[in-house]
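Below is one structure, written out as structure tokens; comments come after it.
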Amino acid sequence: MPRFNVLGRLEIIHDGRSIAPSPPKMRCVLAILVVRANQLVHPDCLIEELWGHTPPKSAMTTLQTYIYHLRRMFAEEGLDLDGEELLVTRHPGYVLRIPRNALDSEVFEQLATDGHEYLQRGLAGRGRAEGCP
């Protein structure tokens, strides 16, 4: 299963390899989709993040090209889940389907919540044993 890292450098870890697109705007699209994993992201949101309030006339076509290249990268790297695309089109936008516990920020938040609960219950040693290496 691929792991998605947004804490620090944006990257996808799969089979011990670090995967990330090099073009800056394509990385930005990936970052937005990862941060909003499993949610519908409207193209207007992506366009505004990429070009601000004055996008070029070709913004939609260029965005679609970035999406195409991300899909191709996912397929070439074997990141699709059980034969289904990781990045899907859902009218009127896109959804990046990331499995539970595959996003480092979600894992961090869960570990922090668990640690706080263990601490509140006087079980700090248990939290250390279960959560952190």
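The values are calculated or read from the model by the stated rules, or taken from the named source; none is laboratory data. Just so it is clear, the structure is predicted and the values come from calculations on it, not from any experiment. Neighbour counts are summed over all protein chains in view; Cβ atoms, including those assigned to glycine, are modelled from backbone coordinates with ideal geometry. Calculation scope for accessible area: heavy atoms of the full protein, side chains included, ligands and nucleic acids excluded. Shrake-Rupley method; radii C 1.70, N 1.55, O 1.52, S 1.80 Å.
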ask   = What Kirkwood radius, in Å to one decimal, follows from the Cα pairs of segment 25-88?
value = 12.4 Å
key: 3J(HN,Hα) from dihedral phi, segment 79-91, Karplus parametrisation 6.51/-1.76/1.60, rounded to Hz, x for glycine, proline   = 8, 4, 9, 6, x, 10, 4, 6, 10, 10, 8, 10, 3
key: Electrostatic dipole magnitude of segment 5-80 [Cβ: Lys, Arg +1; Asp, Glu -1; Cα centre; debye, to 20]   = 160 debye
ask   = Can you pull the three principal axis extents for the Cα set of segment 1-116, in Å, largest first?
value = 48, 32, 27
ask   = Rg/Rh for segment 15-55: what does it come to with C-alpha atoms and Rh from Kirkwood?
value = 1.05
For LEU81, distant residues with modelled amide H under 5 Å away = LEU86
ask   = Which loop trypsin sites (Lys or Arg not before Pro) in segment 50-82, with loop taken from DSSP, have no more than 16 other Cβ atoms within 10 angstrom of their Cβ?
value = LYS57
request  = Calculate one ³J(HN,Hα) per residue across segment 106-121 by plugging θ = phi - 60° into the Karplus curve 6.51 cos²θ - 1.76 cosθ + 1.60, and present them in order as whole Hz with x for glycine and proline.
outcome  = 5, 4, 4, 4, 5, 5, 5, 5, 4, x, 5, 5, 4, 4, 4, 8
key: LEU103 long-range amide H proximity, modeled H, under 5 Å   = PHE4
ask   = Given the rule -39500 (n - 2.57) for each run of at least 4 DSSP H residues, summed and divided by the residues of the chain, what is its mean residue ellipticity at 222 nm, to the nearest 500 deg cm²/dmol?
value = -15000 deg cm²/dmol
inquiry  = At 0.36 nm per residue, and after removing the present C-alpha to C-alpha distance, how many nm does the segment from VAL35 to THR89 gain when stretched out fully?
reply    = 17.7 nm
query = Using a probe of 1.4 angstrom, how much of the accessible area of segment 1-115 is carbon and sulfur, in percent?
reply = 52 percent
note = Magnitude of the Cβ-charge dipole (Lys and Arg +1, Asp and Glu -1) of the chain about the Cα centre, nearest 20 debye, reported as 220 debye
ask   = Separation between the LEU7 and PHE108 pseudo-spin-labels, each 7 Å from Cα along Cα→Cβ, expressed in nm?
value = 0.5 nm
